[in-house]
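Peer 1: Okay, handing you the structure first.
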Amino acid sequence: MRTNTHSPHSGGDRDWRDTATRYALVPLRIFLGITFVYAGLDKLTDSAFMKDAGAGSIGDMMRGVRDSSAVPALVDMALESPVAFGYAIALGELAVGIGTLLGLLTRLAALGGALISLSLWLTVSWAADPYYYGNDLPYLMAWIPLVLAGAPLLSVDAALRARRRRTGEYR
């Protein structure tokens, strides 16, 4: 077991590889953040989506996936108030996306994103056959590295950590 924290690479490759390793999660953060902000805004600005019934409505979509979902009880709960559920999902996506982009409470934002993706996978895209045609499962898997690692660079979290270290408040 190695105890050193230095890269095993030698020469000119070390700097590039070390930098690439440190910044590896940044593109994932940007992609997921932008995607979730867009998804939230798209729902909030779509007049057809935020309705109990009608073409393109959250209510009709939920009724359409109810019998094919893995957890019909979750869909039934959403159908008690489809518009409120639609707003909750849209605002949740917005909060997750903004938190991820800023790197603010990143692990919590990523956990929220993973839970949204999990709920959508178990309901809306569960019936996709084969399973890899559904897009919510890959989103769920993409959130896991951010849940585990957070945003150690280019983030509000990193700036707050550095500030606590400078003032001696860091544990």
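Peer 1: For the chain, which whole-number percentage of the solvent-accessible area (1.4 Å probe, protein heavy atoms only) is attributable to carbon and sulfur atoms? Display every interim value, and only then the final one.
Peer 2: On the way: 6660 of 10580 Å².
Its accessible area is 63 percent carbon and sulfur atoms.
Peer 1: Using θ = phi - 60° and the Karplus form 6.51 cos²θ - 1.76 cosθ + 1.60, what ³J(HN,Hα) does each residue of region 103-117 get, whole Hz, x for Gly and Pro?
Peer 2: x, 10, 6, 4, 5, 5, 4, 5, 4, x, x, 5, 5, 4, 4
Peer 1: Using a 1.4 Å probe, how large is the accessible area of Thr45, given in Å² and rounded to the nearest 10?
Peer 2: Per-residue accessible area (Thr45): approximately 110 Å².
Peer 1: Rounded to the nearest 0.05, what FRET efficiency do Arg14 and Leu104 have when you use their Cβ-Cβ distance and R0 = 30 Å? Let's see the in-between values first.
Peer 2: Working: r = 32 Å, r/R0 = 1.06.
Step by step, r from the Cβ atoms, then E = 0.40.
Peer 1: While we're here: Mind checking the full-extension length gain between Met141 and Thr21? Use 0.36 nm per residue of separation minus the Cα-Cα distance, one decimal, nm.
Peer 2: Numbers: separation 120, 0.36 × 120 = 43.20 nm, distance 1.93 nm.
Roughly 41.3 nm would be gained on extension.
Peer 1: Just to check I understand the Karplus step: with θ = phi - 60° and J = 6.51 cos²θ - 1.76 cosθ + 1.60, what whole-Hz values come out for region 51-68, glycine and proline as x?
Peer 2: In residue order, the calculated couplings are 9, 5, 8, x, 4, x, 7, 4, x, 5, 4, 5, 5, x, 9, 3, 6, 9 Hz.
Peer 1: Using only the alpha-carbon atoms, how far is helix 25-45 inclined from the longest principal axis of the chain? Give it as 0 to 90 degrees, nearest 10.
Peer 2: Here the helix axis deviates by roughly 20 degrees.
Peer 1: Rg to Rh for the chain: what is it, with Cα atoms only and Rh by Kirkwood? Provide the component values of the computation, followed by the final result.
Peer 2: Numbers: Rg = 19.9 Å, Rh = 18.1 Å.
A ratio of 1.10.
Peer 1: Determine the gain in length on full extension of the stretch Ala73-Tyr38; use 0.36 nm per residue of separation and subtract their C-alpha separation, reporting nm with one decimal. Walk me through the numbers on the way to the answer.
Peer 2: Working: separation 35, 0.36 × 35 = 12.60 nm, distance 2.79 nm.
Result: 9.8 nm gained on full extension.
Peer 1: Also, quick follow-up: Got a sec? What order do Met141, Met62 fall in by accessible area at 1.4 Å, biggest, i.e. largest, first? Could you put the intermediate results ahead of the total?
Peer 2: Numbers: Met141 100, Met62 5 Å².
Correct descending sequence by accessible area is Met141, Met62.
Peer 1: In debye to the nearest 20, how big a dipole does region 1-149 give about its Cα centre with +1 on each Lys and Arg Cβ and -1 on each Asp and Glu Cβ?
Peer 2: On the way: 10 positive and 13 negative charges, 120 e Å.
Dipole about the Cα centre, nearest 20: 580 debye.
Peer 1: For helix 136-149, report the angle its Cα long axis makes with the longest principal axis of the Cα atoms of the chain; keep it between 0 and 90° and round to the nearest 10°.
Peer 2: With rounding to tens, the tilt is 30 degrees.
Peer 1: Evaluate the distance, in nm, between pseudo-label points positioned 7 Å from the Cα of Arg63 and of Ser47 along their respective Cα→Cβ axes.
Peer 2: My value for the distance between the label points is 2.2 nm.
Peer 1: Another question, if that's okay. Among Arg166, Arg14, what's the order by accessible area (1.4 angstrom probe), most exposed first? Can you show the working numbers first?
Peer 2: On the way: Arg166 180, Arg14 110 Å².
Highest to lowest solvent-accessible surface, that is Arg166, Arg14.
Peer 1: If eta is 0.890 mPa s and T is 25 °C, what Stokes-Einstein diffusion coefficient results for region 38-101, Kirkwood Rh from Cα pairs, in µm²/s?
Peer 2: Estimated diffusion coefficient is 204 µm²/s.
Peer 1: I've got another one for you. Counting pairs of alpha carbon atoms under 8 Å apart in space and at least six apart in sequence, what relative contact order in percent does the chain give?
Peer 2: Working: 206 pairs, mean separation 38.5, N = 171.
RCO, the chain: 23 percent.
Peer 1: Considering amide H positions built from the backbone, and no H for Pro or chain starts, which residues 5 or more places from Lys51, or on another chain, come under 5 Å of its amide H?
Peer 2: Answer set, sorted by chain and number: Ile58, Gly59.
Peer 1: Accessible area per residue for region 1-146 in Å², computed with a 1.4 Å probe and the full protein assembly in place, what is it? Kindly include the intermediate steps, with their values, before the conclusion.
Peer 2: Working: 8600 Å² over 146 residues.
Result: 59 Å² per residue.
Peer 1: Moving to a separate point now. Leaving ligands and nucleic acids out of the surface, order Glu93, Glu80 by accessible area at 1.4 Å, largest first. Before the final figure, lay out each step's value.
Peer 2: Details: Glu93 5, Glu80 155 Å².
Descending order: Glu80, Glu93.
The values are calculated or read from the model by the stated rules, or taken from the named source; none is laboratory data. These figures come from a predicted structure and were not determined experimentally. Neighbour counts are summed over all protein chains in view; Cβ atoms, including those assigned to glycine, are modelled from backbone coordinates with ideal geometry. Remember, those area values only see protein heavy atoms, side chains included, never the ligands or the DNA or RNA. Shrake-Rupley method; radii C 1.70, N 1.55, O 1.52, S 1.80 Å.
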